[in-house]
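Accompanying notes for the structure given below.
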Amino acid sequence: LRFPQKLWKMLESGKFQSIWWSEGGKCVAINKDLFEAEVLGREGQQVFHTEKIKSFMRQLNAYGFTKMQRNFPRSASLPEFLAEEAAASAHSQILYYYNPSFNRAHPWLLETCKRR
């Protein structure tokens, strides 16, 4: 299987806690640290033939995925701001990637997801 098909199969399997569909099936969400341990750190059962998150992210980029930034609204009061900052810091381990040809609701578009 090519990279996009492997990724799709992984997302649909429900076997992994570190990667899931987000934004209603339009984006891929990855918990970076958990993904490194759960997927890339698998001894003898590598899915993507790499142990490094940077190599995996290069594959995403090569197939037209773009990283999406999350902007959180900030409160004016200091206690609320500090609480929001702590939540955003924990949330920063989550990476979001988007590709218009990689949409859960439109599996037939997967064939148009080509390497650049």
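When ranked by the protection proxy of mean other Cβ atoms within 10 Å per residue, highest first, what sequence do the peptides 19-30, 97-108 form?
On the way: 19-30: 17.3, 97-108: 15.7.
Highest mean packing first, the order is 19-30, 97-108.
What is the sum of charges, Lys and Arg at +1 and Asp and Glu at -1, for the other residues whose Cβ falls under 11 Å from the Cβ of P4? Working shown, then result.
Details: positive: R2, K6, K9, K114, R115; negative: E111.
Neighbourhood net charge equals +4.
Throughout, read-outs are computed from the coordinates displayed, never taken from laboratory work. Note that the coordinates shown come from a computational prediction; the quantities given were computed from them, not determined experimentally. With ideal geometry, Cβ positions are generated from the backbone for all residues, glycine too; neighbour counts draw on all protein chains shown.
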